[in-house]
Every structure is written in C-alpha cells, then in structure tokens.
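All remarks here apply to the structure that follows.
The values are calculated or read from the model by the stated rules, or taken from the named source; none is laboratory data. On a predicted model such as this, the values are computed, not experimentally measured, just so you know. Virtual Cβ from ideal backbone geometry, glycine too; neighbours counted across all protein chains shown. Quick note on the areas: whole protein, heavy atoms, side chains included, nothing else; ligands and nucleic acids left out. Shrake-Rupley method; radii C 1.70, N 1.55, O 1.52, S 1.80 Å.
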Amino acid sequence: MPVPVWLRPIEFRVEGRDRLRPLAWTALGGLVLGAAMAVFGLPPIDIHGPLHYVGIMDPLCGGTRSVWAALSGDVATSWRYNPLGIVLVAGAAGTLVRFAFGVVTGRWINVYVRSWAVVAGLGGVAFGLLAARQQLNADLLSSPPGSFSPVGLFLNVLPVLVMVVWVRVQRRRMIAGARR
C-alpha cells in the first residue's frame, strides 16, 4: 500500500546530476564565516533588527552567537542562544559531505519536496515555537543599552530587498517567456 504524500513530504533520490549545487556553495560560505567568527570573535557591531530594541526577539535572534558557540565547540552555549545554530552548522557540514560524496562517486543525493503544504505547515509550527522560546529568553538575548548600529538595520532589510528583486526578475522572465 503506497504511503500518502503528507506522511512523506520530502523525497531523496540518488541521481547522476547535482541539482543542489548552489546549496553546497552557500554551506561552504556559511561555515567559512562561522569559522572566522570562532577564530576572531563576534562581529564588532550590533546587527539586530529594529524590533529587538523594544524587547521583541525574533526566531533568528541569538543565531550569530549560537553559530559562533557551536563552531567554537561549546554546544551547550549554542543551544542556550538559539538551537537553530546547531542545526545550521550540522546541516552545512552534511551538505558538504553530500557534495564530496557526489564529487567522488558521480552520484548525487537530491532532495525533492513532494508536499509544500506539509513542509510549510511544519516549518511554520517550528518557527512559531522557536519564536516563543526566543522571547522567553529575552534577558539572555537583549543588547546592552546604546548599542544600536544602522548596519544592523541594513542587514535586516537586505534579505527583503534581495527577495523583492528576485521576485521581480522571475516575474519578468515568466512574462517574457509567455510572450514567446
């Protein structure tokens, strides 16, 4: 009897072509940045978003310190700041192992989402639980008074701007493709 899609929302396939190559480069870049933080310390500027200064901690709050602690070998501190840091480091390392396996064997483990609704639902629940956890740890995650930096605001707005540009470019490509 086949398993319903909602019970297996993600599928893994071994194929002759790497469909996730950008993910390997992203993982490598993230691990290099994290290793640099482990060696040289945390960024010397405050990179928090604007809501942080009014006491609202988002689910990513503490992520930089968590990755720094994880790559410094202090998993307990990493977990205290944000469990997502451990997941990111482990996921990036796993991605590079996957990439090395593919380079050596010529066979690539590719991931396919079979049910975006299930993945989005589970992700939303996990995101909400993490947001609640981080808000409960506001005392640990708060910045000292007077540490605001406009760089933090820029870094928090940048992903939104990149996404808007990406969506517009994709939309123009779709419109141009439909006209042909």
Restricting to segment 64-77, count the residues that are in a helix (DSSP H, G or I) and out of contact with any Phe, Trp or Tyr (no Cβ under 8 Å at 6 or more places or on another chain). 8
List, please: which pairs have Cβ atoms under 9 Å, are six or more places apart or on different chains, and start with a residue in segment 106-125 that is within 18 Å of Phe12 (Cα to Cα) and hydroxyl-bearing (Ser, Thr, Tyr) and end with one that is in a loop (DSSP other than H, G, I, E, B) and open to solvent by less than 60 Å² (accessible area, probe 1.4 Å)? Ser115/Pro9
Please name all residue pairs, on different chains or six or more residues apart, with Cβ atoms under 7 Å, provided the first residue is in segment 29-55 and is open to solvent by 50 Å² or more (accessible area, probe 1.4 Å) and the second residue is of a type in the set (Phe, Trp, Tyr) and part of a helix (DSSP H, G or I). Leu42/Trp68
Residue satisfying all of: in segment 137-170; surrounded by 10 or more Cβ atoms within 10 Å (Cβ to Cβ) and under 19 Å from Trp79 (Cα atoms); modelled with the lowest pLDDT among these: Ser143
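Let me confirm something: among Val32, Val14, Val5, which residue is within 25 Å of Leu122 (Cβ to Cβ) and either within 20 Å of the chain's Cα centre (by Cα) or at pLDDT below 90 (or both)?
On the way: Val32 fails: within 25 Å of Leu122 (Cβ to Cβ); Val14 fails: either within 20 Å of the chain's Cα centre (by Cα) or at pLDDT below 90 (or both).
That would be Val5, the only listed residue that is within 25 Å of Leu122 (Cβ to Cβ) and either within 20 Å of the chain's Cα centre (by Cα) or at pLDDT below 90 (or both).
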Could you tell me how many of the residues in segment 72-86 are surrounded by 16 or more Cβ atoms within 10 Å (Cβ to Cβ) and either among the small types (Gly, Ala, Ser) or free of Cβ contacts under 8 Å to residues at least 12 places away in the same chain (or both)? 3
